[in-house]
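Below: the structure, in structure tokens.
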Amino acid sequence: MSSRIAVRDSTGVTVRRDVLWRSGAITAVFILPALVLRFSALDPHPVVALVVYGAAVISASFLLAWAAEAAQMDVSGGLAIAVLALIAVLPEYAVDLYYAYTAGHDPEYVQYAAANMTGSNRLLMGLGWPVVVLVSLAVANKMTAKKMTAKPVSTLALEQGNRVELGFLLIAGIAAFIIPVTGRIHVVFGIALLAWFGFYLYKLTRGDVEEPELIGTAATIGGMSTKARRSTVIAMLVFAAMVILVCAEPFANSLIDAGSELGIDQFLLVQWLAPLASEAPEFIIAIIFASRGKGTAAIAMLISSKVNQWTLLVGSLPIAYLAGGGEGASLVLDGRQTEEMLLTATQTMMGVALILALGFHRWSAWVLLALFLIQFPITSTEGRLVICGVYAVIAVCALVVNRRHILPSLTAPFRGHGSPGL
């Protein structure tokens, strides 16, 4: 039963409205303390501030995710995936751009802008992609197990339309190597990435509007009348965005202060904790879709998020830096940040190379996950460069195996029509 039909039932309306009110109440419980703290004269302990503001950011992220899912009722399928992926990671962007802006007049913050960006980027591909694939395959094999003649499934098949996203990501990933090679993100390069992102959205608007399969709170909103749905979506987006803007600065600063209080490397705290918090709703949405047998749609959303990060996010950093008073036309990176950028770029190339044939194998997911996890105990420059080498070798091997798919992927953005909706 679709969300529209279900909501028309009188009993269903009551139940679904209860879901909406309950979801709103739960998020309000975590958002209101942060707003009170933000506009009061209170000066809490950094760890307390981190928890309060972090909870508000996560709650606002869920509001964004629910609204973005429901918005799929009104936009084209491919664009819906891109919008959902973009809105779901807005909190991460707000924190990262705050660091970049502050770095313009406080050089110490440059490292945090790079840390947040590289952490979120690698988290998405190193953890998000593999988990979604492994869950999808587990669900598929559970279903095939009921059919005695069915063979076990070891590959998550992507749709032909997903080649457009892969093409955009492949080109952006290749261009990303300019950053570690030059040791900086030039504003001209940033503008080029923003233009590439704009072209990406343009291509995805050419798809047809499709009614998505929604669940929970998003289904309640999606089942409303067109006017009520659009008003609710806009109100949720605006409110959540305001909460994130209000909490981004204290949340970002509390990460650094809490690191000092707890004796934890501030760079690592900014690199992993903030992205994990802000991307939690997106991961949850993707895993839910994967668990319901819609793994292709789930991985398409995460691929779109990866495109967003390498284009919109990276492209915005030098602009935010200059807006904050930065000198010159580039956001200059130090040695550690350059290594992190190289590690992130090589991981991206490996991930894309592995799925160029529009098939995500189980072993590919395990390799991505293993290489992501193994980096944490490795803290030396030599160790990071070794991991970069491993990523590069696997990427080259995968490109050789999938060589006939390279040209179609590179040209897909210029002739494709976007991927289907969820």
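Quick rundown of the values:
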{"read-out": "Where a residue in segment 152-178 is closer than 21 Å to Val396 by Cα and its partner, wherever it lies, is basic (Lys, Arg) and surrounded by 24 or more Cβ atoms within 10 Å (Cβ to Cβ), with Cβ under 8 Å and at least six apart", "value": "Leu169/Lys306"}
{"read-out": "In segment 221-245, the residues that are surrounded by fewer than 20 Cβ atoms within 10 Å (Cβ to Cβ) and closer than 21 Å to Phe30 by Cβ", "value": "Thr232, Ala235, Leu237, Val238, Phe239, Ala241, Met242, Leu245"}
{"read-out": "In segment 36-51, the residues that are farther than 15 Å from Asp257 by Cβ and in a helix (DSSP H, G or I)", "value": "Val36, Arg38"}
{"read-out": "Sole residue being in a helix (DSSP H, G or I) and buried (at least 22 other Cβ atoms within 10 Å of the Cβ), chosen from Leu399, Leu373, Leu368, Leu407", "value": "Leu368"}
{"read-out": "Segment 331-363: number of residues that are over 24 Å from Asp106 (Cβ atoms) and in a loop (DSSP other than H, G, I, E, B)", "value": "4"}
{"read-out": "Where Val307 falls short, out of the listed (1) buried (at least 24 other Cβ atoms within 10 Å of the Cβ); (2) under 25 Å from Tyr109 (Cβ atoms)", "value": "(2)"}
{"read-out": "Number of the exception - Leu302 against (1) in contact with a helix residue (DSSP H, G or I) (Cβ under 7 Å, 6 or more places away or on another chain); (2) at pLDDT 85 or above; (3) in a loop (DSSP other than H, G, I, E, B)", "value": "(3)"}
{"read-out": "Enumeration of residues in segment 152-172 that are under 21 Å from the mean Cα position of the chain (by Cα) and in a loop (DSSP other than H, G, I, E, B)", "value": "Leu158, Glu159, Gly161"}
{"read-out": "Any hit, segment 266-277, residues being under 25 Å from Tyr200 (Cα atoms) and under 21 Å from the mean Cα position of the chain (by Cα)", "value": "yes"}
{"read-out": "Any hit, segment 246-257, residues being at pLDDT 90 or above, part of a helix (DSSP H, G or I), crowded, with 23+ Cβ neighbours inside 10 Å and in contact with a Pro (Cβ under 7 Å, 6 or more places away or on another chain)", "value": "no"}
{"read-out": "Qualifying position, being touching a residue at least 40 places away in the same chain (Cβ under 8 Å) and under 27 Å from Val164 (Cα atoms), among Gly335, Gly351", "value": "Gly351"}
{"read-out": "Every residue from segment 286-320 that is of a type outside the set (Gly, Ala, Ser) and farther than 20 Å from Pro275 by Cα", "value": "Phe289, Arg292, Lys294, Thr296, Ile319"}
{"read-out": "Boolean, Val83 is closer than 28 Å to Ala297 by Cα, surrounded by 14 or more Cβ atoms within 10 Å (Cβ to Cβ), among the aliphatic types (A, V, I, L, M) and modelled with pLDDT of 80 or more", "value": "no"}
{"read-out": "Qualifying residue in segment 139-151 (condition: part of a helix (DSSP H, G or I) and under 29 Å from Thr338 (Cα atoms))", "value": "no"}
{"read-out": "Among (1) assigned to a helix (DSSP H, G or I); (2) closer than 30 Å to Thr155 by Cα - the single one Gly293 does not satisfy", "value": "(1)"}
{"read-out": "Test: Glu261 is surrounded by 23 or more Cβ atoms within 10 Å (Cβ to Cβ) and of a type outside the set (Gly, Ala, Ser)", "value": "no"}
{"read-out": "Residue match in segment 348-362 (condition: over 21 Å from Val400 (Cβ atoms), hydroxyl-bearing (Ser, Thr, Tyr) and crowded, with 20+ Cβ neighbours inside 10 Å)", "value": "no"}
{"read-out": "Tally of residues being at pLDDT 85 or above, on the phi < 0 side of the Ramachandran plot and loosely packed, with under 14 Cβ neighbours inside 10 Å across segment 322-333", "value": "1"}
{"read-out": "Restricting segment 90-132 to residues that are among the acidic types (Asp, Glu) and surrounded by fewer than 24 Cβ atoms within 10 Å (Cβ to Cβ), the residue that is farthest from Leu166 (Cα to Cα)", "value": "Asp106"}
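The values are calculated or read from the model by the stated rules, or taken from the named source; none is laboratory data. Values in this document were obtained by computation on a predicted structure and should not be read as measured data. Glycine gets a Cβ as well: all are built from the backbone with ideal geometry, and neighbour counts include every protein chain shown.
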